[in-house]
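Presented below is the structure to which this report refers.
The values are calculated or read from the model by the stated rules, or taken from the named source; none is laboratory data. As the structure is a prediction and not an experimental result, all values here were calculated from the model. Here the Cβ is made from the backbone with ideal geometry for all residues, glycine too, and neighbour counts use every protein chain on show.
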Amino acid sequence: MHRGSDLTGNVLSARKSALWDLGVALSLANLCWLPVWAALLNANNWYYVRCSPHWRALAIAGMGLAASTLAVWLLRIAVRLSGGRAATTIGNTAFVVLVLVAGNALRLQLPWLALDSIRAALGAGGAAGVLLLCAALPVVLYRRRAILLPLAEKGLVCLLPFIGLVAFQAASLAHRSISGTACALELSDAAPGRHVAKGAHAGYRVLWVVFDDLDYGLVYGHRPEGLALPAFDELRRSSVFAEEAYPPASNTTCSLPALIVGRGVTHAQRSGPADLQLLFDDGQAGLWSQQETVFDRARALGIDSALVGWYHPYCRIFGSRLARCQWFQYLANPPGTWPMGARAQLDLLINSVPGAFRMGLARKLGLTDSRLVPRRAWHVALYQQLHKEVLASLCRPEFGFVFAHYSVPHPPYVYDGVRRRFSIETAGTYEGNLDLADQTLSDIEHAIDRSALADRTVLIVTSDHWHRHAVATEPEEPEVEVGRPNERVPFSVRLPRQNTGLAVSSTFRTTRTASLVLSILRARTLTPQQIAAWMGDSTDPSLR
């Protein structure tokens with residue numbers, strides 16, 4: 001009788017232990033997959049794409065989570081059944097490692113725990129102290145495992161309801177993808193606004209071209225030997241040219257809002273898929289969609305504007321204030337094949353392991369390189385469509401102001417300047433993309449000169465930021481080695497039929513470009529000397 005009761009009790013205890021292990025394994029695996037879930041489910045990450053995640057990407061994540069859970073569960077069961085000292089040591093070590101990986105995955109989702117944020121808050125000494133504590137954590141966790149590991153298990157079980165929330169959100173997004181509404185709702189572009197101009201704009205027109213990542217030093221100051229950029233050279237010889245032009249920021253996220261609003265932006269953070277929270281250099285803050293832009297001010301003058309760009313979802317943010325708007329997403333939507341999707345998610349997982357990103361572990365395993373070929377292909381298609389739209393818009397007389405934000409020479413590097421063709425299978429260079437930007441500028445100038453609008457079209461060419469020589473998101477891409485970093489960007493204003501150059505040596509902040517555009521649109525006559533004097537006067541005088 002007692003033997004049967006003992007047997008039943010042992011079976012119930014074994015089942016209870018197995019269920020406990022399953023809960024711990026599921027919760028731990030889910031935390032390790034946090035970078036993947038954040039990439040797929042966080043609406044802030046949809047800012048750069050036109051649609052919410054494809055159902056296939058969600059299915060890959062679900063299957064990966066199930067496989068990880070099964071692996072951890074079976075390991076815990078095997079250790080429990082073995083009962084040997086060696087097996088227990090292996091099991092405890094594996095559990096400690098996974099807890100640390102999960103903890104780091106959580107840390108990566110909290111910006112205030114980033115090393116740069118800690119260094120800014122505590123200084124170099126405080127950051128070094130935090131790093132020492134983090135280095136000691138695995139040792140403490142293992143040495144006090146008899147107390148700390150059971151507490152960690154209980155904490156993981158308490159987090160199980162979080163999995164239900166993740167599953168519900170993933171299922172909802174999968175349904176949107178399958179039903180064909182993944183690009184609807186909050187991801188839709190705003191409808192273009194009504195035309196305010198009565199017929200073709202009669203005064204001066206402005207085409208403002210921003211080449212992403214175009215560097216003054218590499219175009220003019222320290223150009224790589226053998227690289228010919230005839231269009232940029234000719235532009236310098238036939239325009240008002242700023243020798244000391246400085247952009248608003250070192251990144252596209254801050255610079256483009258600053259240029260379009262005409263105010264310095266020190267920080268920008270995504271606020272859902274259709275807006276940015278901006279912090280201005282005067283300490284004020286606000287949503288980008290709520291700011292008065294250069295397009296609003298042109299509209300108040302009775303001038304219709306067109307915008308063609310990439311990276312930012314311009315048409316979601318203020319498309320209703322434009323007569324025409326076309327934007328191209330920065331990132332391709334989730335990969336269309338199962339293997340590519342799995343590699344992309346595995347890349348995220350590996351980079352959540354402490355130290356793996358700095359070591360370039362995912363790249364050494366071939367995961368990053370395999371993703372670059374489709375990314376380059378997307379970048380080529382994006383550029384070609386964008387360029388076609390710009391050429392179509394700049395010659396339409398109803399648009400008095402056209403703004404173009406180009407995706408070159410920004411990486412990935414997709415152009416072979418020697419063979420004069422796109423290169424997708426192998427990585428190109430910044431020099432190659434510079435060559436492509438030069439050809440793009442040549443196309444634009446020829447389109448203007450051949451159009452009926454050439455006698456009243458003013459061309460402004462600049463960049464959003466200088467070339468950052470170390471691209472953290474793509475360490476595999478080769479970089480052009482030059483001298484000391486230079487934060488200047490090219491800035492040229494070419495008046496209609498202008499064929500002589502005029503250099504401006506004083507410091508010019510390109511944040512003022514929006515004011516310059518409006519002054520040109522209001523002007524009745526323009527000379528290079530007027531433009532040069534305006535650029536040298538920080539009070540933004542009238543050009544009349």
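Given the options G302, G309, name the one that is touching a Gly at 6+ places or on another chain (Cβ under 9 Å), assigned by TED's automatic domain parsing to the domain that holds D438 and among the small types (G, A, S). Steps first, answer last, please.
On the way: G309 fails: touching a Gly at 6+ places or on another chain (Cβ under 9 Å).
The match here is G302.
Among helices (runs of 4 or more DSSP H) lying entirely in region 133-240, which contain 2 or more residues that are under 30 Å from L98 (Cβ atoms)?
Output list reads 145-158, 160-179.
Which numbered condition in (1) of a type outside the set (S, T, Y); (2) farther than 18 Å from R194 by Cα; (3) outside any loop (DSSP other than H, G, I, E, B) is the only one that I317 fails?
Only one criterion is unmet by I317, namely (2).
Determine whether region 297-306 contains at least one residue that is polar (S, T, N, Q) and not in a strand (DSSP E or B). Step through it out loud before you land on a result.
Of all residues in region 297-306, those polar (S, T, N, Q) come to 305.
Pick out the ones that are also not in a strand (DSSP E or B) and you get none.
No, the conditions are met nowhere in region 297-306.
Among P397, P409, which is the only one that is in the same structural domain as A231 (by TED's automatic domain parsing), in contact (Cβ under 8 Å) with a residue 24 or more places away in the chain, within 20 Å of L521 (Cα to Cα) and touching a Leu at 6+ places or on another chain (Cβ under 8 Å)? Walk me through it before giving the result.
Values: P409 fails: within 20 Å of L521 (Cα to Cα).
Selected residue: P397, the only one of P397, P409 that is in the same structural domain as A231 (by TED's automatic domain parsing), in contact (Cβ under 8 Å) with a residue 24 or more places away in the chain, within 20 Å of L521 (Cα to Cα) and touching a Leu at 6+ places or on another chain (Cβ under 8 Å).
Here is a yes/no grid of residues against (1) of a type outside the set (A, V, I, L, M); (2) under 16 Å from L227 (Cβ atoms); (3) more than 20 Å from the chain's Cα centre (by Cα); (4) surrounded by 18 or more Cβ atoms within 10 Å (Cβ to Cβ):
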residue: P411; (1), (2), (3), (4): yes, no, no, yes
residue: G417; (1), (2), (3), (4): yes, yes, yes, yes
residue: E425; (1), (2), (3), (4): yes, no, yes, no
residue: L436; (1), (2), (3), (4): no, yes, yes, yes
residue: D449; (1), (2), (3), (4): yes, no, yes, no
residue: L459; (1), (2), (3), (4): no, no, yes, yes
residue: S463; (1), (2), (3), (4): yes, no, no, yes
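Condition first: at pLDDT 95 or above, over 14 Å from Q384 (Cα atoms) and in contact with a helix residue (DSSP H, G or I) (Cβ under 6 Å, 6 or more places away or on another chain). Now tell me which residues in region 400-430 satisfy that.
If the condition is that a residue be at pLDDT 95 or above, over 14 Å from Q384 (Cα atoms) and in contact with a helix residue (DSSP H, G or I) (Cβ under 6 Å, 6 or more places away or on another chain), then F401, V402 are the ones that fit.
Of everything in region 122-153, what is loosely packed, with under 11 Cβ neighbours inside 10 Å and either modelled with pLDDT of 90 or more or not basic (K, R) (or both)? Give them in sequence order. Can you show your working first?
Step one: of region 122-153, the residues loosely packed, with under 11 Cβ neighbours inside 10 Å are 124-125, 132-133, 135-136, 139, 143, 146-147, 150-151.
The answer is A124, G125, L132, L133, A135, A136, V139, A146, I147, P150, L151.
Residues checked against (1) without any contact (Cβ under 8 Å) to a residue 24 or more places away in the chain; (2) surrounded by fewer than 19 Cβ atoms within 10 Å (Cβ to Cβ); (3) over 19 Å from the mean Cα position of the chain (by Cα):
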| position | (1), (2), (3) |
| --- | --- |
| Y204 | no, no, yes |
| D212 | no, no, no |
| G217 | no, no, yes |
| L227 | no, yes, yes |
| S239 | no, no, yes |
| E244 | no, yes, yes |
| P247 | no, no, no |
| L256 | no, no, no |
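The conditions are (1) touching a Pro at 6+ places or on another chain (Cβ under 9 Å); (2) outside any strand (DSSP E or B); (3) not assigned by TED's automatic domain parsing to the domain that holds D213, and Q269 fails exactly one of them. Which is it?
Among (1) touching a Pro at 6+ places or on another chain (Cβ under 9 Å); (2) outside any strand (DSSP E or B); (3) not assigned by TED's automatic domain parsing to the domain that holds D213, the lone unmet condition for Q269 is (2).
So is D189 surrounded by 15 or more Cβ atoms within 10 Å (Cβ to Cβ), within 26 Å of S442 (Cβ to Cβ) and either touching a residue at least 60 places away in the same chain (Cβ under 8 Å) or over 27 Å from the mean Cα position of the chain (by Cα) (or both) or not? First the steps, then the outcome.
Working: surrounded by 15 or more Cβ atoms within 10 Å (Cβ to Cβ): yes; within 26 Å of S442 (Cβ to Cβ): no; either touching a residue at least 60 places away in the same chain (Cβ under 8 Å) or over 27 Å from the mean Cα position of the chain (by Cα) (or both): yes.
Spelling it out, it is not the case that D189 is surrounded by 15 or more Cβ atoms within 10 Å (Cβ to Cβ), within 26 Å of S442 (Cβ to Cβ) and either touching a residue at least 60 places away in the same chain (Cβ under 8 Å) or over 27 Å from the mean Cα position of the chain (by Cα) (or both).
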